[in-house]
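Just below is one structure, and these are the notes that go with it.
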Amino acid sequence: MIKKIKVDLLRPGVYITDFNCSWLAHPFLTSKKRIKSYKDIEKIRQAGISEVFIDTTKGIDIFETLTREQFLEEFKTNLEDVVPADELDYQVQVPLEKELKQAREIQYKAHDLLKRAYQDIRYGNVLKIKEFAESVNEIIDSVTRNRDALLLLSNIKAKDEYTYEHSVNVSILAAGISKALKMDKDEIFQYTLGAILHDIGKSKIPDEILKKQSPLTQKEYTILKKHVELGVEILSAHKEVTANTLSVIAEHHERLNGTGYPKKLSGSQISLGGKLGGILDVYDALTSERVYHTPVNPVQALKEIYTQRDILFEEELIQQFIKFLGIYPPGSLVKLGSGFLAIVIEAGREDILKPVVRIIYDLKKNIPILPRNLDLSKGVGDLHYIEGMVNPAYYDINVNEYLLNMLTD
Ligand SMILES: [Fe+2]
Ligand SMILES: [Fe+2]
């Protein structure tokens, strides 16, 4: 199928069949091209092209809406597998609206702690592990009170604060997934601590490399990769840190087929902490805005990870992660049968297909509306059923802004 799409939605693997401009205006030799990298996309953007035609029979498809059926087909799974079972730790102790403000403070505190830790380490001071333990306990407590508050807030992302935000987000995901996997209290704590510190070695990598606005050279990339060993070294001064915590730091870049680093471990040589850390790390990176990388929505990110099942990541763990996040993870934008766009703010408690959403845009009138929450499980399903997940870039919707506004409501 030939489709016209915005340049912002382009991904490597797409086949462009028409640049939607004269051949003199686009940066390539031919008018048909398979997109190989984010560099290609940047070139197209720099040429001032905003929309192109793609051929989905020759390259990957870019969807506007992903329906439930497509989701299930995509992941070759059935609904029963995705719907969280009763025994899942899924009860709400505190309503979202109430937990949200507290969660924002916890998120902010963790962020600030990381920022200070980076400075501390750069000045040669010892990492304050106790403060991290406190912060991790706060994260776990918030996730226990309400699974979705921090998860929703993890969608608020600012490009320049990536390093800290990313570490906090990975720890939020780690707390959630390890709870969903029914780990015991100690394990949940140990893995969440590993997650928040997984990139701590980056504090010893020069800012010129960490914050570089263009692709890294081979030499710079080799230096960046050292963050794994440097992280282990920083933590080795703390005898109270357990093997589970260290495994996340030491092995989050190892890959199932042995193509990771630093030790090129493969298969069962990689610990659970390393395997989990790898999936959560990549998921958060894909959904964040980076240099040469437009963020993708949660489902697209899961899809990219799923494509690497049993190659880079363990299939069983990816399935668990999908189950945990659900078909419509908090923060995703959906289109309702009633013609509204809405942001998913809380997973469906009884039925995963009926989450609580925040309606923000009227597609029929083409105007934003005063946001209001709607629980799709409360008998409004006939009218407001979810048609599918949509890509915010299609409608120029800034989910970040809506989430921040929710906090001041
Ligand atoms: Fe890393
Ligand atoms: Fe990371």
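Among the residues of the range 283-296, just one is modelled with pLDDT of 85 or more and surrounded by fewer than 19 Cβ atoms within 10 Å (Cβ to Cβ), namely ALA285. Applying the set (1) surrounded by fewer than 23 Cβ atoms within 10 Å (Cβ to Cβ); (2) of a type in the set (A, V, I, L, M); (3) within 28 Å of GLY13 (Cα to Cα) to ILE359 leaves exactly one unmet item: (3).
Per-residue answers, yes or no, for (1) modelled with pLDDT of 85 or more; (2) in contact with a Ser or Thr (Cβ under 6 Å, 6 or more places away or on another chain); (3) buried (at least 16 other Cβ atoms within 10 Å of the Cβ); (4) within 16 Å of ASP61 (Cβ to Cβ):
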position	(1), (2), (3), (4)
LEU9	no, no, yes, yes
LEU24	no, no, no, no
LEU29	no, no, no, no
ASP40	no, no, yes, no
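A count restricted to the range 181-191 and to residues that are crowded, with 21+ Cβ neighbours inside 10 Å and either at pLDDT below 95 or within 16 Å of ligand 1 (Cβ to nearest atom) (or both) stands at 1.
For every residue, the table says whether it meets (1) free of Cβ contacts under 8 Å to residues at least 24 places away in the same chain; (2) outside the structural domain of TYR162 (by TED's automatic domain parsing); (3) within 16 Å of ligand 1 (Cβ to nearest atom); (4) more than 28 Å from PRO215 (Cβ to Cβ).
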{"site": "LYS275", "(1), (2), (3), (4)": "no, no, yes, no"}
{"site": "GLY278", "(1), (2), (3), (4)": "no, no, yes, no"}
{"site": "ASP281", "(1), (2), (3), (4)": "no, no, yes, no"}
{"site": "VAL296", "(1), (2), (3), (4)": "no, no, no, no"}
{"site": "ALA301", "(1), (2), (3), (4)": "yes, no, no, no"}
{"site": "GLU315", "(1), (2), (3), (4)": "yes, no, no, yes"}
{"site": "ILE318", "(1), (2), (3), (4)": "no, no, no, no"}
{"site": "SER338", "(1), (2), (3), (4)": "no, yes, no, yes"}
{"site": "ILE345", "(1), (2), (3), (4)": "no, yes, no, yes"}
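Just to be sure before I move on: is SER178 within 15 Å of ligand 2 (Cβ to nearest atom), surrounded by 17 or more Cβ atoms within 10 Å (Cβ to Cβ) and either under 21 Å from the mean Cα position of the chain (by Cα) or among the hydroxyl-bearing types (Ser, Thr, Tyr) (or both) in the structure I sent?
Numbers: within 15 Å of ligand 2 (Cβ to nearest atom): no; surrounded by 17 or more Cβ atoms within 10 Å (Cβ to Cβ): yes; either under 21 Å from the mean Cα position of the chain (by Cα) or among the hydroxyl-bearing types (Ser, Thr, Tyr) (or both): yes.
No.
Restricting the range 151-175 to residues that are away from ligand 1 (no atom under 16 Å from the Cβ), in a helix (DSSP H, G or I) and of a type in the set (A, V, I, L, M), which is farthest from the chain's Cα centre (by Cα)? It would help to see each step written out before you state the result.
The first filter runs over the range 151-175 and keeps only residues away from ligand 1 (no atom under 16 Å from the Cβ), leaving 151-161, 172, 175.
Now drop any that are not in a helix (DSSP H, G or I), which leaves 151-153, 159-161, 172, 175.
From what's left, of a type in the set (A, V, I, L, M): 151-153, 172, 175.
Details: LEU151: 10, LEU152: 11, LEU153: 12, ILE172: 11, ALA175: 14 Å.
Among residues in the range 151-175 that are away from ligand 1 (no atom under 16 Å from the Cβ), in a helix (DSSP H, G or I) and of a type in the set (A, V, I, L, M), the one farthest from the chain's Cα centre (by Cα) is ALA175.
Any residue at all in the range 297-313 that is crowded, with 22+ Cβ neighbours inside 10 Å and touching a Lys or Arg at 6+ places or on another chain (Cβ under 8 Å)? Within the range 297-313, one or more residues are crowded, with 22+ Cβ neighbours inside 10 Å and touching a Lys or Arg at 6+ places or on another chain (Cβ under 8 Å). Taken over the range 96-138, the criterion of being among the β-branched types (Val, Ile, Thr), over 23 Å from the mean Cα position of the chain (by Cα) and part of a helix (DSSP H, G or I) is satisfied by ILE121, ILE129.
Scanning the range 208-219 for residues that are more than 16 Å from ligand 1 (Cβ to nearest atom), outside any loop (DSSP other than H, G, I, E, B) and within 19 Å of HIS166 (Cα to Cα) yields a single hit, GLU208. Sub-7 Å Cβ pairs linking a first residue in the range 389-405 that is farther than 13 Å from ARG358 by Cβ to a second residue that is β-branched (Val, Ile, Thr), at least 6 apart or interchain, are MET389/THR65; MET389/VAL299; MET389/VAL334; VAL390/THR65; VAL390/VAL334; PRO392/VAL399; ASN400/ILE156, ordered by first then second residue. From the list VAL232, VAL248, exactly one residue is assigned to a helix (DSSP H, G or I), closer than 19 Å to GLU165 by Cα and either within 16 Å of ligand 2 (Cβ to nearest atom) or assigned by TED's automatic domain parsing to the domain that holds TYR162 (or both). Which is it? None of the others qualify; the one that does is VAL248.
The values are calculated or read from the model by the stated rules, or taken from the named source; none is laboratory data. Here the structure is a predicted model, which is why all the values come from computation and not from measurement. Using ideal geometry, Cβ is built from the backbone for each residue, glycine included, and neighbour counts are taken over all protein chains shown.
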